[in-house]
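Let me begin by presenting the structure, written as structure tokens, before commenting on it.
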Amino acid sequence: MKNKKQLELYIHIPFCARKCEYCDFLSFVTPMSVQRAYAEKLTEEIIAESTGVKDYQVSTIFIGGGTPSVLPSDCMEQIMAAVWQHYDVKEDAEITIEANPGTLTEEKLKIYRMAGINRISLGLQSADDWELRLLGRIHTYDDFLKSFQRVRLAGFDNVNVDLMSALPGQTMESWEKTMKKVLMLRPEHISAYSLIVEPGTPFYDKYGCLGEAYPPLPDEDTEREMYYMTEQILLDHGYERYEISNYSRPGKECRHNIGYWTGVDYLGLGLGASSYVSGYRFRKECDLSVYLDIHTGKEFPGNLYRDINFLTTKEKMEEFMFLGLRMTKGVSGSRFAEKFGHNMWNIYGKQIEKLEKEGLLEVRKPEIKLTSKGIDLSNYALSQFI
């Protein structure tokens, strides 16, 4: 079929070697027997879901977690074989797997390459071993260096490194050292986030509802200085900021994430995975025991679906605005009109004018985008469109 619609796949592997203290993702530690049982059920789900998306072509795949690289390599081989066999995957599809230092072996990387995976996202967070211990990470910076070297030797030429600022005890100096150590390795992509203390995590007990622990988090002014320094140092080293927290060398932007921010349909596979397909938003069952026990009959995988909602045109417009404006190039009024059949200024003129007067939005019709100040106050700016 010509001119197939574009589809992204997200595959969730919820297993970790150890749960980090700041993490609120759907992830946990399990024995290998459970991991293998999960891989079997996930493969069944992948095959069953393929029948409903035959008119789509898969442009990107993202294997996230958890730590997907803890999964036995033959399980990952099985999962990817099912994808290639049952979906129309583009020849040049971007296929990413998340990995943590210390969980990658030469064998695993070889199998990833053979399975078509062509992008690795390494979770470093910090190059300071003391900061890593405070986060509950089980690797050291030396472990990261060895893993990065293995990735390069295995032939991967598209690598992301995750970094995190505003950590307990972190200083401007230690954050700068982390960035410069990573920049010496010249990864193609860097995701740089500030730590968010989420309810329900050990970090929230320490730094949220029960007050400050030791060592303290950087104060608000220091956090902002880290934020500004991040952009400047990465810019000086040839990285372009294309989204609020993401930087890349030219042409190495994460295509999968750009799809999320620009409204491409995506199908989530695995425990708790979210989807947006043909106007419907839904997620999969979040309880592992329930997920594993659901019968693979004629109602499968529909009986995995939870929280099914059909988005109204108004909700779709809102998402177009607040997700699209995360991109540094902003959103286009022409694209808005093409997608919704309405003039963007007729719908959001008041919000656009208000944010422009506040210096948060740059307007060059038909495009609008956040200013530097707008990026700094993005939560406030983007909320104006909801």
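Kindly establish whether E299 is modelled with pLDDT under 95, open to solvent by 70 Å² or more (accessible area, probe 1.4 Å) and more than 18 Å from R281 (Cα to Cα).
Details: modelled with pLDDT under 95: yes; open to solvent by 70 Å² or more (accessible area, probe 1.4 Å): yes; more than 18 Å from R281 (Cα to Cα): yes.
For E299, the condition - modelled with pLDDT under 95, open to solvent by 70 Å² or more (accessible area, probe 1.4 Å) and more than 18 Å from R281 (Cα to Cα) - is met.
Sort through E198, E173, E231, E223 and tell me the only one that's more than 21 Å from P101 (Cβ to Cβ) and part of a loop (DSSP other than H, G, I, E, B). Reasoning before the result, please.
On the way: E173 fails: part of a loop (DSSP other than H, G, I, E, B); E231 fails: part of a loop (DSSP other than H, G, I, E, B); E223 fails: part of a loop (DSSP other than H, G, I, E, B).
So the residue among E198, E173, E231, E223 that is more than 21 Å from P101 (Cβ to Cβ) and part of a loop (DSSP other than H, G, I, E, B) is E198.
Which one is surrounded by the most Cβ atoms within 10 Å (Cβ to Cβ), of the residues in region 125-136 that are in a helix (DSSP H, G or I) and not aliphatic (A, V, I, L, M)? Before you say what the answer is, go through the steps one by one.
Here is the first cut: in region 125-136, the residues in a helix (DSSP H, G or I) are 129-135.
Within this subset, residues satisfying the condition of being not aliphatic (A, V, I, L, M) are 129-131, 133.
Values: D129: 14, W130: 13, E131: 22, R133: 12.
Ranking the candidates gives E131 first.
Kindly evaluate D307 against the criterion of being free of Cβ contacts under 8 Å to residues at least 40 places away in the same chain, more than 30 Å from L183 (Cβ to Cβ), within 22 Å of the chain's Cα centre (by Cα) and open to solvent by 30 Å² or more (accessible area, probe 1.4 Å). So that I can check it myself, show each step before the final result.
Values: free of Cβ contacts under 8 Å to residues at least 40 places away in the same chain: yes; more than 30 Å from L183 (Cβ to Cβ): yes; within 22 Å of the chain's Cα centre (by Cα): yes; open to solvent by 30 Å² or more (accessible area, probe 1.4 Å): yes.
Yes: the conditions hold for D307.
When both residues are 6+ apart or on different chains and their Cβ atoms are under 8 Å apart, which pairs have a first residue that lies in region 184-205 and is more than 24 Å from R119 (Cα to Cα) and in contact (Cβ under 8 Å) with a residue 12 or more places away in the chain, and a second that is open to solvent by 60 Å² or more (accessible area, probe 1.4 Å) and not small (G, A, S)?
V197/Y204; E198/D24; E198/Y204; P199/D24; P199/C209; G200/D24; T201/D24
Tell me yes or no: at least one residue of region 227-247 is over 19 Å from Q125 (Cβ atoms) and at pLDDT below 95.
For region 227-247, residues over 19 Å from Q125 (Cβ atoms) and at pLDDT below 95: present.
Any chance you could count how many residues in region 57-108 are open to solvent by 20 Å² or more (accessible area, probe 1.4 Å) and closer than 14 Å to R255 by Cα?
So the count comes out to 3.
How many of the residues in region 318-335 are touching a residue at least 60 places away in the same chain (Cβ under 8 Å) and either open to solvent by 50 Å² or more (accessible area, probe 1.4 Å) or not acidic (D, E) (or both)? Even if it seems obvious, please write down each step before you answer.
Kept after step one, since they are touching a residue at least 60 places away in the same chain (Cβ under 8 Å), are these residues of region 318-335: 318, 321-329.
Applying the additional criterion that residues be either open to solvent by 50 Å² or more (accessible area, probe 1.4 Å) or not acidic (D, E) (or both) yields 321-329.
The total comes to 9.
What tally of residues in region 266-283 results from selecting those that are without any contact (Cβ under 8 Å) to a residue 60 or more places away in the chain and touching a His at 6+ places or on another chain (Cβ under 9 Å)?
Of the residues in region 266-283, 0 are without any contact (Cβ under 8 Å) to a residue 60 or more places away in the chain and touching a His at 6+ places or on another chain (Cβ under 9 Å).
As an exercise: evaluate K252 against (1) out of contact with any Leu (no Cβ under 8 Å at 6 or more places or on another chain); (2) farther than 23 Å from F62 by Cα; (3) of a type outside the set (V, I, T) and give the number of the one condition it does not meet.
Here K252 clears every test but (2).
Among helices (runs of 4 or more DSSP H) lying entirely in region 336-386, which contain 1 or more residues that are open to solvent by 90 Å² or more (accessible area, probe 1.4 Å) and farther than 17 Å from R326 by Cβ? Reasoning before the result, please.
Working: elements: 344-357, 372-376, 378-383.
Qualifying helices (runs of 4 or more DSSP H): 344-357.
Say we look at region 137-163 and pick out the residues that are under 21 Å from the mean Cα position of the chain (by Cα) and of a type in the set (D, E); which of these is surrounded by the fewest Cβ atoms within 10 Å (Cβ to Cβ)?
My answer is D157.
Test each condition in (1) crowded, with 18+ Cβ neighbours inside 10 Å; (2) at negative phi; (3) of a type in the set (A, V, I, L, M) for A166 and report the one that comes out false.
A166 satisfies all of (1) crowded, with 18+ Cβ neighbours inside 10 Å; (2) at negative phi; (3) of a type in the set (A, V, I, L, M) except (2).
The values are calculated or read from the model by the stated rules, or taken from the named source; none is laboratory data. Remember, predicted model here, so these are calculated numbers, not experimental data. Counting neighbours? That spans all protein chains shown, and the Cβs are built from the backbone with ideal geometry, glycine included. Side chains included, ligands, DNA and RNA excluded: accessible areas come from the protein's heavy atoms. Shrake-Rupley method; radii C 1.70, N 1.55, O 1.52, S 1.80 Å.
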